[in-house]
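One structure below.
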Amino acid sequence: MIPLLDLKAQYRAIKSELDAAAIQVLENAQFILGPEVAAFEEEFARYCGTSEAIGVNSGTSALHLALLAGGVGPGDEVITTPFTFVASAATIVYTGARPVFVDIDPASFNLDVSLIERAITPRTKAIMPVHLFGQMADMDAVMDIARRHGLLVIEDAAQAHGAEYKGRRAGSIGQMGCFSFYPGKNLGAAGEGGAVVTGNAGYARKIRMLRDWGAERKYVHQIKGYNYRMEGMQGAILRVKLRHLETWTLARRAHAARYGELLAGCGVTLPEVMPHARHVYTVYNIRAANRESLRDALAQREIQTGIHYPMPVHLQPAYADLGYVQGDFPVAEQASAQVLALPLYPEMSAEQLEEVAAAVRSAVGAPVA
Ligand SMILES: Cc1ncc(COP(=O)(O)O)c(C=O)c1O
């Protein structure tokens, strides 16, 4: 059996470090925020190339607070992609604002930047590019449009730890960048976690207040806030894993390059790397016209696959009230019908990569490489 990802293998590889970090939290009893979270924030900000990072309890909370700190609220519109995890749009709705979707670029799966400007209205307050599957959106174009129209840019970098655009890290280009540390992410907690990174001290201060009941001093609530604090255990675990992230990222990139060799010319579309990008392969997504039969054939060989995402957000029943219909974003809709994620994680062996590639080739009737 080859899983889509193998968190047990990751634990085995760094067990002694993780065990020591977890025990230290239990001994110090610093369960909420505290020194491990503060140290993680400093280290993660440095990793992202920003001056500030604020640890929260999920990527969803990170997006919600970044939008609130940016002043997004009822009556506003935020431009984003329909081809993303539902949280990108859901958090816009949390603030009372409306997500306005634009279609994606078929090669990168990210926002088609040539469509952004025509979606801008007097209500538009922000753009939320989502760096999907480990590759950043075309940020020069996004930032240029935002500057010309006076809009805020909040990067959804939940799938882009360490990804780069022209040498700049995900999260460091827009006014704020939001990360998820959901266990399966490239940097994953032992539970839920998230962070906002920013170079703006004012946003950072507001987010620190909002995550902790709107208070800077205990029981003095300056603004209406939330309980979105990061747990001490997650800070400690994430500090350990952050030390390994670059090695893991290099392994992911090497595995993706190997898939590229093994799957070349077999008739499925491989992930395309944009000229500006350092892709970190959070998800290795191929496209196949006959996706379901390919998926079944791989399952028969005990190879796990994933579908990210089978239905774009504009067609989800929960967001029917936005008024979008089938056909509104044909590129996103086609991607939803064709994408298939193959197993890819740092601990994968050369033999496992070869086995997956051979199974794909045989399922689509291509000669063995
Ligand atoms: C693109 C994207 N945005 C937001 C989120 C939300 O993060 P979380 O699950 O940590 O709340 C996720 C991941 O789950 C995601 O993939």
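Structure notes:
- Of residues in region 61-77 being in contact with a Ser or Thr (Cβ under 6 Å, 6 or more places away or on another chain) and over 19 Å from Gly199 (Cα atoms), the one least open to solvent (accessible area, probe 1.4 Å): Gly73
- Residue match in region 204-218 (condition: open to solvent by 10 Å² or more (accessible area, probe 1.4 Å), more than 16 Å from the ligand (Cβ to nearest atom), at pLDDT below 95 and not in a strand (DSSP E or B)): yes
- Screening the candidates Ala160, Ala146 for the property of being more than 14 Å from Leu68 (Cα to Cα), assigned to a loop (DSSP other than H, G, I, E, B) and either open to solvent by less than 10 Å² (accessible area, probe 1.4 Å) or more than 15 Å from the ligand (Cβ to nearest atom) (or both) yields one hit, Ala160.
- Thr91 falls short on exactly one of the conditions (1) touching a residue at least 40 places away in the same chain (Cβ under 8 Å); (2) buried (at least 17 other Cβ atoms within 10 Å of the Cβ), and that condition is (1).
- Checking each residue in region 221-232 for being of a type outside the set (Ser, Thr, Tyr) and open to solvent by 50 Å² or more (accessible area, probe 1.4 Å) picks out His221, Gln222, Ile223, Lys224, Asn227, Arg229, Glu231.
- Qualifying residues in region 235-274 (those that are touching a strand residue (DSSP E or B) at 6+ places or on another chain (Cβ under 9 Å) and β-branched (Val, Ile, Thr)) - the one most open to solvent (accessible area, probe 1.4 Å): Thr269
- Glu42 vs. criteria over 19 Å from the mean Cα position of the chain (by Cα), of a type in the set (Asp, Glu) and either within 16 Å of the ligand (Cβ to nearest atom) or surrounded by fewer than 22 Cβ atoms within 10 Å (Cβ to Cβ) (or both): yes
- Output for region 322-357, where each listed residue is touching a residue at least 60 places away in the same chain (Cβ under 8 Å), surrounded by fewer than 19 Cβ atoms within 10 Å (Cβ to Cβ) and farther than 24 Å from Ala107 by Cα: Leu322, Glu347, Ala350, Gln352, Glu354, Glu355
The values are calculated or read from the model by the stated rules, or taken from the named source; none is laboratory data. From a predicted model like this one, the values you see are computed outputs, not experimental measurements. In this analysis, Cβ positions are derived from the backbone assuming ideal geometry, glycine residues included, and neighbour counts consider all displayed protein chains. To get the accessible areas, we keep the full protein, side chains included, count just its heavy atoms, and leave off ligands, DNA and RNA. Shrake-Rupley method; radii C 1.70, N 1.55, O 1.52, S 1.80 Å.
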